[in-house]
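Enquirer: For reference, the structure I am asking about is given below.
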Amino acid sequence: MTSAPDAVPAAPAAAVAPPLLRISDLSVRFGPVHAVNQVSLDVAAGPFGLGLIGESGSGKTTIGRAVLRLVRSSGGSITFAGQDVGSLRGAALQAYRRDAQIVFQNPDNTLDPRMLIGSTIAEALNTHHVVPRHDVPGRIAELLTEAGLDPAFAERYPHQLSGGQRQRVAIARALSVQPRLLVLDEPTSALDVRTQAHMLKLIARLRAERELSYLLITHNFGVVSELCEQTAVLYLGKVAEIGATEVLLNSPAHPYTHALRSAVPEIDVASRRSRIVLPGDAPDAANPPSGCVFHPRCPLAVDRCRTEVPELREATHAHRVACHRAEDVLAGAAMSTHHRIHKTPPSTITPMPATSSTQIAAPQTPPQTA
Amino acid sequence: MTETPPTPNGPSGRLAITSLDISFGRRKVVSIDELRLDHAEIVGIAGESGSGKSMTTLAILGLASTVGATVSGSIVLDGQELTALSQDDLREIRGRRIAAIFQSPSTAFSPVYKVGAIVTKALRLHGATKSEAADRAAEAMRQVLLAPDLLRRYPSQLSGGQLQRVAIALALALRAEILLADEPTSALDVTVQAEVLDLLRDLRDVTGMSILFISHDLAVVAELCDRVAVMRNGVIVEQGPASQVLSSPADPYTAELLDSVPKLATTK
C-alpha cells in the first residue's frame, strides 16, 4: 500500500472523511475533441460505489481510463489518497498501479488466449510481489474461489470458459493485487441477463468483504441502482447531474437525466412513464453547442441556455445539477412525450400514474391517440 | 391485441410454425411445438445465448442449411409451406415477404457501398425499376424518420441507431409483411433503443407489419410485444400474452429471468 490515509482531520469544512479518489476539473482532449471537459468527482473510501452513466460519447470510459493513467489528461488533477496521480513516478507509480485496477467490458482484453488462467493471475501476483512465490498457487485457488469459480479453472485456457466465467477471472485478477480502487467499465454489458445478475451479486459481495471503492461505468440505470450510492450523469464530456442514485432515479433535476430515465424499458406496466422525446442526435464533441451543451435537444431550453453555460449547482441536498431550469424540472415542467403507454396493448393491470411523491407529474397534455 | 385489427389472414395466423426441429447432425438444438405470428402482431422470443432463438430466425428465412443445420417440421406463411421450397423460390420470399434485421446493422451493409446503393440494389433484385427503387428508398427513409439524403452516405458515416433505421427502411421499401428482428436494439444506447422500439410499434400500427422480435432483454420484450415465447435450450418453456407471462410467469425459468433484471431504485 502506498501512503497512509490522509491524516489531516481538519481539512474539509464538513466532518466527512477525505475521499479516496478526487477528480478535480479533469479535461481530456483527443485532438479537437473535448472528450472530458472539467469534470470533478469524488469517490469515498470503501465500501462505496460511484456510477457514471451516459450514452456513447459522453466521456464516461475516458474518465475511467484517465484515473488509471491509461490516457493523458489535458487539464485538472486526480488525487488518490492525498497523492497527485499525474506526478507519480517510479515506485510510487508502481504502487498506484497496484492500488487501482480496472475490469473491462470484454474480459478478452484482460486474458491472453495463450496463457492458462492460473498463469494470468500469477503474473499479477508476481509482478507486485503480493505473496511469496511458493504461496502463489494457493492464492490463485483462493482468488478463483472468491470469484465463485472452481479452483481447477487455473489449469484451463480462456476459450474453455464461458463469457461470464471469463469476466469472473478478470475480477479475480484485478482483486489479486488487493486494490483499494476499482474501475469497472461496463462489466456486465456483454453478459446474458442471468449471468449479469450473478455478476452484480458477486460485486456486491466483494464490495462488502473487501471494503472496495469503485467507479462503475455503465449505460444501465438498473446496474447503478443496485451497486452505487452515488451516480453522475454525463453528457458530452460534462457532468449534467450528480447525487444519490435514488434521488437521481426518482426526482431528476436535469431534463437529460429525466429523458434517459424515461427511456429505460420497464417490465412492470405500472411503473412505466411516458418517454420524453429528445429530438436529434448527440452533437459533435469536436464542435459543441454554445451555452449549455444539451440545449439543442432540450425540451425546456430557453434563450439563456443558448448563451450561458450552466454551472453545476446545488439542486436539493447533496444533489447537484448543471441546468438553468432545474427548479422547473423539479416542479414538474411538461416535456414532449411519446405516447408510449397508450400504444402498448392494454393489459390486465391498469396503468397508474407514477407513485413517487417527489416525481415529476405526468405530462399535462396527455397524448391521445385513439 | 385489442387495439390491432383482428387477423384477416384466416385463423391459422400469418406465420405458423409447427413441430419444428433444428439439428446439427444428431444433436437437436431447437424443438418448437407451435409458434404463431398473426397479422400486425408483435411476438417476442426471449431467451439467453444458446437458447436457439437465432437459429429459429435462420430456419424461418430458409438459411439454416447455410450454417450446417437440418430442419424438419413445418413453417407456413399464409398457407404456403416454406420448408418445401427451393432456394430460388425462397429468394423471392426473403426480403420481399420476410425481412430480417440483426443486432449489428453493420453486418447488413457492405462498408464499401453507399447505403442508398445497397437499398436500391435490393429493390431492383426484387423487380423494381431504377426510378421506382429510388422513390421507394426515399419514401422508406421518411417512414423511419431519416432524411433521404443519408442514402448518399457510407455506413461508417451513420450512427448505429441511424444504420439500424436504414435496415428497417430496407424492409419497408421491400414491402415485407413480416420482420424478423434479432436483438435489433441490444447494441444501441438506451435513448436510441427507445426510439427504435417506438418506430417498430408505429410501423406495425401503420403498415400492419408483423414482427418477430428476438431479445434476451425481458424489459424490452415487455415494452414492445403483444405475446411472448420464452425459450430455453431450444424449447419454448412458456408462451402467452406478454403482460400475463411477465407479470405472473408459469414457468420457474421465466421467473428466474425476470428476477435477474436489475431493479431500479432499490439502492442500498
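Enquirer: Can you work out the Karplus-derived ³J(HN,Hα) for every residue in the stretch B:57-73? Use 6.51 cos²θ - 1.76 cosθ + 1.60 with θ = phi - 60°, whole Hz, and x for glycine or proline.
Expert: Rounded to whole hertz, the list is 4, 4, 5, 5, 6, x, 10, 4, 5, 5, 9, x, 9, 10, 10, 10, x.
Enquirer: Evaluate the relative contact order of chain B (contact order divided by residue number), counting alpha-carbon pairs under 8 angstrom at least 6 apart; express in whole percent. It would help to have the intermediate numbers written out before the result.
Expert: Working: 475 pairs, mean separation 67.3, N = 268.
Reported as a whole number, the value is 25 percent.
Enquirer: Ranking B:Val261, B:Val29 by Cβ neighbours within 10 Å, fewest first, what do you get? Could the numbers behind the result be given before it?
Expert: Working: B:Val261 20, B:Val29 17.
By the 10 Å Cβ count, ascending, the order reads B:Val29, B:Val261.
Enquirer: Out of the DSSP beta bridges found with both residues in the protein assembly as shown, what percent are antiparallel (nearest 5)?
Expert: Numbers: 52 of 90 bridges.
Within the protein assembly as shown, antiparallel bridges account for around 60 percent of the total.
Enquirer: Using the Karplus equation 6.51 cos²θ - 1.76 cosθ + 1.60 (θ = phi - 60°), what ³J(HN,Hα) coupling, rounded to whole Hz, does each residue of the stretch A:199-211 give in order, writing x for Gly and Pro?
Expert: Using θ = phi - 60°, the values come out as 5, 5, 5, 4, 4, 4, 5, 5, 4, 6, 5, 9, 6 Hz.
Enquirer: Going by amide H atoms built from the backbone, whose H comes under 5 Å of the H on A:Ala315, apart from near neighbours?
Expert: A:Arg320, A:Val321
Enquirer: So how much slack lies between B:Thr207 and B:Val112, counting 0.36 nm per residue of separation and subtracting their Cα-Cα distance, in nm? Working shown, then result.
Expert: Numbers: separation 95, 0.36 × 95 = 34.20 nm, distance 3.18 nm.
Separation in residues times 0.36 nm, less the Cα-Cα distance, equals 31.0 nm.
Enquirer: If amide H atoms are built 1.01 Å from N in the plane of the peptide, which residues on other chains or at least 5 residues away come under 5 Å of the amide H of A:Ser213?
Expert: A:Gly46, A:Phe48, A:Leu182
Enquirer: Applying 1/(1 + (r/R0)^6) with R0 = 25 Å to the Cβ-Cβ distance of A:Ala334 and A:Asp268, what FRET efficiency is obtained, to the nearest 0.05?
Expert: Numbers: r = 24 Å, r/R0 = 0.95.
Calculated transfer efficiency: 0.60.
Enquirer: Relative contact order for the stretch B:1-154 using alpha-carbon pairs under 8 Å, separation at least 6, rounded to a whole percent?
Expert: 18 percent
Enquirer: Quick check: the angle from helix A:90-99's long axis to the longest principal axis of chain A, C-alpha only, nearest 10 degrees?
Expert: In chain A, helix A:90-99 runs at an angle near 60 degrees to the longest axis.
Enquirer: Mind listing the long-range amide H neighbours of A:Ala333? Cut-off is under 5 Å, sequence gap 5 or more, other chains count too, H placed in the peptide plane at 1.01 Å from N.
Expert: none
Enquirer: Grab the Cα-Cα distance for A:Asp25 and A:Asp135, subtract it from 0.36 nm times how many residues apart they are, and report the gain in nm with one decimal. Walk me through the numbers before you get to the answer.
Expert: Details: separation 110, 0.36 × 110 = 39.60 nm, distance 4.30 nm.
Gain on stretching A:Asp25 to A:Asp135: 35.3 nm.
Enquirer: What list of ³J(HN,Hα) couplings, whole Hz, do you get for the stretch A:215-222 from phi and the Karplus terms 6.51, -1.76, 1.60, once you set θ to phi - 60° and write x for glycine and proline?
Expert: 10, 10, 9, 7, 10, 9, 4, x
Enquirer: With the cut-off at 1.5 for a/c, could you classify chain B from its C-alpha gyration tensor as rounded, prolate or oblate? Let's see the in-between values first.
Expert: Values: a/c = 1.62, a/b = 1.23, b/c = 1.31.
Oblate is the answer for chain B, as a/c is 1.5 or above yet b/c matches or exceeds a/b.
Enquirer: When only Cα pairs under 8 Å and 6 or more residues apart are kept, what is the percent relative contact order across chain A? Could the numbers behind the result be given before it?
Expert: Numbers: 678 pairs, mean separation 62.9, N = 370.
Once divided by the residue count of chain A, the mean separation gives 17 percent.
Enquirer: Moving on to the next point. Other chains' Cβ within 10 Å of B:184-196 residues: what's the mean?
Expert: Numbers: counts 0, 1, 1, 1, 3, 9, 12, 15, 6, 4, 12, 5, 0.
Taking the mean over all residues of the peptide, I get 5.
Enquirer: Right, something else. By how many degrees, 0 to 90 and rounded to 10, does the Cα axis of helix A:163-176 deviate from the longest principal axis of chain A?
Expert: 60 degrees
Enquirer: Rounded to the nearest 5, what % of the DSSP beta bridges within chain A are antiparallel ones?
Expert: Once the DSSP bridges in chain A are tallied, antiparallel ones form about 60 percent.
Enquirer: Considering only C-alpha atoms, what is the centroid distance from the stretch A:119-138 to the stretch B:21-65, in Å?
Expert: 47 Å
Enquirer: Starting from the 7 Å offset along Cα-to-Cβ, what nm value, one decimal, do you get for the label separation of B:Glu132 and A:Glu155?
Expert: Roughly 6.7 nm, to one decimal.
The numbers here are math on the coordinates, done by the rules we state, and not lab data. What you see is a predicted model; the values in this text were computed from it and never measured. Note: ideal-geometry Cβ built from the backbone for every residue, glycine included; neighbour counts use all protein chains shown.
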